[in-house]
Amino acid sequence: MAPRLAAEFIGTLWLVLGGCGSAVLAATFPEVGIGLTGVSLAFGLTVLTMAYAIGHVSGCHLNPAVTLGLVAAGRFPGRDAIPYIFVQVLGAIAAAAILWAIATGKPGFEVGGFAANGFGDHSPGKYGMNSALLTEVVMTFFFIIIILGATHPQAPKGFAPIAIGLGLTLIHLVSIPVTNTSVNPARSTGPALIVGGWALQQLWLFWVAPIIGAVLAGIASRTLWPDNRQ
């Protein structure tokens, strides 16, 4: 278990540092900022790269919703879920702390949104709570379906990280304007702890909605792939 937990910690740290770091440090950099498309691609690339690096060690969940979705699908033992989720959250917090330490090296830096997820006044597009809830449930549902399908024993071998990384990129392209895109409670927790206030008050949605979407996907997968267990 120790190597698996270490892999999940490192992988989640990389996801939050790479994804949120692109948003905080590079999205609006004068004249050459990467924008929404660049941030979306950055999140996808973190998962793609780590899937190849640690997928054979821990399965490369990097996300409490993924872990619970795999449990619901019968692909992951429930007894291992809590340790996985614990180190995923720790990795996200460590990444947010590293990112804060880097960002504060710029004169005049203000925390602002710090890539935190939000709804209402804290949604990039000012979308309300119901829109945010539905978006996070649906996007997480399809993310887990992509993961389960791409990693199924009958799927083409060796291509799962590409499908999963591109899937996460697409999800961000669609939903950044609504919630800044979570589909990952750990990813939401790290920045929220830095921002505090409203981000912590709204954090519940970015735990509840992704977990609902993930569990629904896990249940649905038992019909899509009756031989889902491996």
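The values are calculated or read from the model by the stated rules, or taken from the named source; none is laboratory data. On a predicted model such as this, the values are computed, not experimentally measured, just so you know. Note: ideal-geometry Cβ built from the backbone for every residue, glycine included; neighbour counts use all protein chains shown. Keep in mind that these areas ignore ligands, DNA and RNA; they rest on the heavy atoms of the full protein, side chains included. Shrake-Rupley method; radii C 1.70, N 1.55, O 1.52, S 1.80 Å.
Limited to region 192-230, what total is found for residues that are open to solvent by 20 Å² or more (accessible area, probe 1.4 Å) and either assigned to a loop (DSSP other than H, G, I, E, B) or small (G, A, S) (or both)? Matching residues across region 192-230 total 10.
In region 146-166, what residues are part of a helix (DSSP H, G or I) and either more than 18 Å from Y52 (Cβ to Cβ) or over 17 Å from the mean Cα position of the chain (by Cα) (or both)? L148, G149, A150 - these are the residues of region 146-166 that are part of a helix (DSSP H, G or I) and either more than 18 Å from Y52 (Cβ to Cβ) or over 17 Å from the mean Cα position of the chain (by Cα) (or both). For region 148-165, the criterion of being surrounded by 20 or more Cβ atoms within 10 Å (Cβ to Cβ) and in contact with an Asp or Glu (Cβ under 6 Å, 6 or more places away or on another chain) is met by no residue.
Only one entry in V71, V24, V47 is touching a residue at least 40 places away in the same chain (Cβ under 8 Å) and either more than 25 Å from G218 (Cβ to Cβ) or touching a Lys or Arg at 6+ places or on another chain (Cβ under 6 Å) (or both), namely V24. In the condition set (1) in contact (Cβ under 8 Å) with a residue 60 or more places away in the chain; (2) surrounded by fewer than 16 Cβ atoms within 10 Å (Cβ to Cβ), E31 is compliant with all but (1). With respect to the conditions (1) in contact (Cβ under 8 Å) with a residue 40 or more places away in the chain; (2) more than 20 Å from L45 (Cα to Cα); (3) among the small types (G, A, S); (4) not in a helix (DSSP H, G or I), S182 falls short on a single one, namely (2).
So is A115 part of a helix (DSSP H, G or I), of a type in the set (G, A, S) and open to solvent by less than 70 Å² (accessible area, probe 1.4 Å) or not? Criteria not met by A115. Checked against the criterion of being small (G, A, S), in a loop (DSSP other than H, G, I, E, B) and either in contact with a strand residue (DSSP E or B) (Cβ under 9 Å, 6 or more places away or on another chain) or open to solvent by less than 20 Å² (accessible area, probe 1.4 Å) (or both), region 132-145 contains not a single residue that satisfies it.
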